[in-house]
Structures are given as structure tokens and as C-alpha cells.
């Protein structure tokens, strides 16, 4: 239905890697689907035990806490992950599912009640923030603070008359509250959790919470925005799903493949490693390029096309191996609910204004989302 831009096609075919410079460090990007999967499983060679250096660019300057469990390797990763996994499994709870359905209905009511709505900040951001309260089992009003942080939670706290509490200050406040008066919410669970037979340190609690608030925030926001923009440019896609809502499961997976909001993620090589002829020095990094793997023509037929009935669809939008995205079920719930509600309630979507978000690197450029997106959404 739509040709996707693939900036990694030529190097993927020719050598399997693309050398890029990030923050003064040469990082070979691993591009082929099979190679990315293999590296993602080989945590001994391609390690995540690297505080601040798993994201690319690295985040030493924007946070002070190691994110857990993502910035650890098995067996530590396995035990750390088990601490918070019950909250992310709430995405399959009937009560949470019903709350997400109600939330999407409310947001569509607002959108269809206007002549135009800016989707990134007025629809996708509230959807992500308010839905997160259901996972963490905290009052939905908490999302009001999270929404005010905007798309990116790592920010300098504002000063003056409208001072805003930043992420780390907010998290400390929540843990102080939970320690003094524990409940059945995410923060309370962490204050009572143990690791290796001991209580979690405050830094460990902060590491879990930091990832929870930062890890899937922009990816969900950009996925939701991109899907609605796609319907605006391809009204036949909405009709295709409306004809048979059972197509929604395959369609949601195809959207994840086609959008791949997280281009890549870093891994650190503990010892000197050679990747397709590129020598990575000890403690040097490689990149696992999900976006390239998801357009590998040896795996996906006509990968440049968005096929909402594509199957099988072994995409890597949620990663692979031990570090598979812990929020995958939550993301799937939000997208599938959005598709169901749009097919049932939305008559048409028109793109009024769109400002693309483009990743510009020396070796490639890739549109992964929108800075802003204004739509007109009319009821069925």
C-alpha cells in the first residue's frame, strides 16, 4: 500500500554493516535480520551490562541512574526482570483492557468533536501516559504530571512561577510516599521487593522506574501518531480493516514492522570483536539495527510495502532474545484497541499538517515519527 524508505538497503546487501559515528565513537550498525537476531541472543559477546551506553546516543548527560533490567545481562537480568514483570503483564488483565478501551473512546470523542486536533501532544501523549497508570496501578490523575513533561522525560526542571517537578525528583517523591504508606502500586512493590535475598537499594528502585517512564514513552507515542497519519493518507487501509476486524492482529504487527520507532539499540563488546570485517575494540559498541532488520528482503517479501495482512511477520520491533521489550504486550494492547475503535467509530481521517521527525546522521537519514501532526477525524 505504501513504499517505505529504507536508508539501509545498500549496505545491508553489500556488507551487512554500516559504520556510523555517534558522539565521537565509530559504531558498526548490524543490519541483516539473521545477524541482528544472532547478536541479540549472544549477550556474552554483545553485552547490555553497560550503564548509560545501551541507548544510542548514550545517556550519561541526561540521567544519573542505570536503567533496570535493560542495562544488565543474564542471570542478573532475569532476576531483575521478574521483579517488575507482573505489572507489565497487567496488559492482559480484563480490567486493564476495559480501561484502555474506555480511554481510547474518550480520546476519539474529543478528536471527533473538533475540526482539527494535534495528534502527537493532544492524543498520543495522553493515551500513553494515562494508559501507563493502568499498568502501574496508580490513580489516573497521576498522568496529568507525566503529560506535562512532554514527549521526552529527560529534561531540566523549569524555574520561575511555573516550576515543574522533573522525572527523578518525582520518582523520589513517589518512593518516599510508598515507603511511608505502601499500597498495591508499582512504587510500593519496588520498596518491598528483594534481589538476591536483600532489599532493593534506592538506586535500583530508581533504575526500574526510570526505564518504565522513559523506555517505551516516545516509541508508543510515535507508533500511534504514525498509524493515524497512515490512515489519513491511505483511507483504503481503514476500509480494509473495517471489512474484517479479524485482520487487526496482523495489521498491528505490520504497523510495528513498518514504523519501527526505535531505529536501533547499542551493545558493548567486552573484548575485541570483529563484525563483518569491522574491528570493535574492547568496551566498544555495536548497534543492533531493528529498522534495517525489519526491511530485510531475504525475510520479508516486498518489505517496502505496508501489507496489513502480512503473515508470517517475524519483525524485530520489540527486540529479540533475553532483552525482548518488557512492554510489548502493553504496546500491542494500545495499538490493537486503537485499530478496533477506529474501524468501529471513525469514518475518515484527513491530514491537515504534518511535520516529520527525521533522524539525521552522517551515514543515513530516517523518518521515524512526527514532531507534530494535525488531523481532522470524522465519525463513521
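The values are calculated or read from the model by the stated rules, or taken from the named source; none is laboratory data. None of the values given here were measured: they were computed from a predicted structure. Methodologically, a virtual Cβ is constructed for each residue, glycine included, from the backbone with ideal geometry; neighbour enumeration extends over all protein chains shown.
A compact table of results
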quantity	calculated
Evaluation of residue 197 against (1) surrounded by fewer than 16 Cβ atoms within 10 Å (Cβ to Cβ); (2) touching a residue at least 24 places away in the same chain (Cβ under 8 Å) (one fails), failing number	(2)
Filter result for the condition that a residue is surrounded by 15 or more Cβ atoms within 10 Å (Cβ to Cβ), in contact (Cβ under 8 Å) with a residue 60 or more places away in the chain, over 23 Å from residue 18 (Cβ atoms) and under 15 Å from the mean Cα position of the chain (by Cα), over 338, 316, 333, 375	333
Sole exception among (1) part of a loop (DSSP other than H, G, I, E, B); (2) on the phi < 0 side of the Ramachandran plot; (3) within 17 Å of the chain's Cα centre (by Cα) for residue 150, by number	(2)
Total residues in segment 285-313, condition within 17 Å of residue 54 (Cβ to Cβ) and surrounded by fewer than 20 Cβ atoms within 10 Å (Cβ to Cβ)	0
Where a residue in segment 58-86 is at positive phi and crowded, with 19+ Cβ neighbours inside 10 Å and its partner, wherever it lies, is assigned to a helix (DSSP H, G or I) and modelled with pLDDT of 95 or more, with Cβ under 6 Å and at least six apart	none
Condition broken by residue 21, with the remaining ones in (1) outside any helix (DSSP H, G or I); (2) closer than 20 Å to residue 316 by Cα satisfied	(2)
Residue 181, sole failed condition from (1) modelled with pLDDT of 95 or more; (2) within 26 Å of the chain's Cα centre (by Cα)	(2)
Which numbered condition residue 53 fails, given (1) touching a residue at least 40 places away in the same chain (Cβ under 8 Å); (2) touching a helix residue (DSSP H, G or I) at 6+ places or on another chain (Cβ under 7 Å); (3) buried (at least 19 other Cβ atoms within 10 Å of the Cβ)	(2)
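Yes/no per residue for (1) in a loop (DSSP other than H, G, I, E, B); (2) in contact with a helix residue (DSSP H, G or I) (Cβ under 8 Å, 6 or more places away or on another chain); (3) under 22 Å from residue 169 (Cα atoms):
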position	(1), (2), (3)
38	no, no, no
45	yes, yes, no
57	yes, no, no
65	yes, yes, yes
72	yes, yes, no
84	no, yes, yes
96	no, yes, no
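Rundown of residues vs (1) over 30 Å from residue 304 (Cα atoms); (2) touching a strand residue (DSSP E or B) at 6+ places or on another chain (Cβ under 7 Å), yes/no style:
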residue	(1), (2)
25	yes, yes
40	no, yes
73	yes, yes
95	yes, no
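Listed here are the residues, each with its yes/no results for (1) free of Cβ contacts under 8 Å to residues at least 40 places away in the same chain; (2) closer than 22 Å to residue 325 by Cβ; (3) surrounded by fewer than 16 Cβ atoms within 10 Å (Cβ to Cβ).
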site	(1), (2), (3)
171	no, yes, no
176	yes, no, yes
184	no, no, yes
205	yes, yes, no
211	no, yes, no
215	no, yes, no
